[in-house]
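Before we start, here is the structure in question, set down as structure tokens.
The values are calculated or read from the model by the stated rules, or taken from the named source; none is laboratory data. The model shown is predicted, which means the values in this text are computed figures rather than measured ones. Note that we place each Cβ from the backbone using ideal geometry, even for glycine, and neighbour counts take in every protein chain shown. Ligands, DNA and RNA are excluded from the accessible area calculation, which covers all protein heavy atoms including side chains. Shrake-Rupley method; radii C 1.70, N 1.55, O 1.52, S 1.80 Å.
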Amino acid sequence: MKMKKIIAPTMAQAIEKVKQELGSDAVIFHTKKVTSGRFFNLFKKENIEVLAASDPEPESAINKKRKKAEKESKELLPYQYPEPELGIPFRRTDAKVDRLFSDPDAIERLRSKLLDQGMLKLDTDPLMQILIKKWYQSDEQMNQEELTNVLKAQLIQRLDPRRFQSAALSDHFVMLVGSTGVGKTTTLAKLASRAVLDEGKKIAFITADTYRIAAIDQLKMYANILGAPIEIAYTEQDFYALINKFSHFDHVFIDTAGRNFQNRAYISELLKLAGDGSQIGLYLVVSATTKYEDMNALINQFQSLNLSKIILSKIDETTSYGAIVSTLLRHPQLHIAYITNGQDVPDDLRYPNVRELINLMLGD
């Protein structure tokens, strides 16, 4: 019997080499993966090693050897990882993982895309592990489009579409908070205009932003257009008096000062105004142009206000959406209430769509 060991990048290439060197009647007795190099710091690059023979033995002997080979090869099958928990970084749990996977270019391109978009490596790598598993299960036949569809499905599942469900504004008192320059006043005007023009609601405005005269004048202009009363709360006592004054309105829209979110005194002031959150609906306005580290710190700083709803502003001013995705993965308690995509009032206010966000990130 003529036996030969064949090494190739894929099983298909290995089989082709066997046919060329041993003929189409050759029998494969054993296969295993052999390691060389590394695959983007996640897995080592591998080749397929095939042991084949050109003079087959009787069928019974072949079956005996195949059973033995199958038993041995089970030890080399890819480790079956549990689905990663949301926001939990991927960690190796078996020493054999280093010699499991190959290096499909399509997967590497997708990984580079996510990282270039600003998504965290700790969120990207578990997704790549799933793609590699799917690629192997397809006998290395999945193309770029099919792998991209698997990636989209995984991202949608992890982000949870229920967090993006659109609904009519239900809060009696609506307070927008956030750092300087994220568009709180304009967003408040958009929400108020929708309530009046689309739903025929009776509304009023309260502004606690006594730091910027321009912001007060801007909100007064919108109030006049909508025929809605507006009052300024200079003190905490003023604020609660106005809450009582406007209690019979359908919605009361409350603007707050945009200040340094790292200032604990600012957070304390907002906490006094918002109380326990049972009466006032709090919305954190976050600019889509913010990098992940600042976005994460901002949300953490406002957690004492029991925030559960955010508005993504300026979605039209960026082409990088990975920081948003990683932030949402890291804060699963947050629901995305609205997205703003321009300065027009009230047109540039949209309900969120998880699929649209993923498509934007992947360039579709």
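Sorted by accessible area (1.4 Å probe), largest first, how do Ser24, Ser193, Ser320 line up?
Of Ser24, Ser193, Ser320, the descending order of accessible area is Ser24, Ser320, Ser193.
Kindly provide log₁₀ I(q)/I(0) values, in the same order as q = 0.17, 0.22 Å⁻¹, from the Debye equation applied to equal alpha-carbon scatterers of the stretch 124-208.
-0.79, -1.06
Please work out the FRET efficiency for the pair Lys291 and Tyr351, using the Cβ-Cβ distance as r and a Förster radius of 30 Å; give the result to the nearest 0.05.
The pair Lys291/Tyr351 has a calculated efficiency of 0.75.
Give me the one-decimal nm value for the distance between modelled label points at Glu140 and Asp198, 7 Å along each residue's Cα-to-Cβ direction.
Between Glu140 and Asp198, the label points sit 5.2 nm apart.
Would you check the accessible area of His172, probe 1.4 Å, heavy atoms only, in square angstrom rounded to 10?
Approximately 60 Å² for this residue.
Right, another one. With a ≥ b ≥ c taken as the square roots of the eigenvalues of the C-alpha gyration tensor of the stretch 291-364, please select rounded if a/c is under 1.5 and otherwise prolate if a/b is larger than b/c or oblate if it is not?
Judged from the Cα gyration tensor, the stretch 291-364 comes out oblate (a/c at least 1.5, b/c at or above a/b).
A further question follows. Where does the charge balance sit around Asn149 when Lys and Arg score +1, Asp and Glu -1, over other residues with C-beta under 11 Å from its C-beta?
Net local charge, Asn149 excluded: -1.
Which pairs in the list Lys5/Lys133; Lys190/Lys309; Lys190/Lys220; Lys32/Lys133; Lys121/Lys291; Lys133/Lys291 are over 20 Å apart, alpha-carbon to alpha-carbon?
Checking Cα-Cα distances, Lys5/Lys133; Lys133/Lys291 exceed 20 Å.
Taking θ as phi - 60°, what are the ³J(HN,Hα) couplings along the stretch 125-136 by the Karplus curve (6.51, -1.76, 1.60), each to the nearest whole Hz, with x for Gly and Pro?
So the J values, rounded to whole Hz, are 4, x, 5, 5, 4, 5, 4, 4, 4, 5, 4, 5.
Turning to a different aspect of this structure: Going by Cα centres, the stretch 306-333 and the stretch 119-151 are how many Å apart?
About 24 Å separates the Cα centre of the stretch 306-333 from the one of the stretch 119-151.
Ignoring ligands and nucleic acids, what accessible area does Ser287 show with a 1.4 Å probe (Å², nearest 10)?
Roughly 10 Å² of Ser287 is accessible to a 1.4 Å probe.
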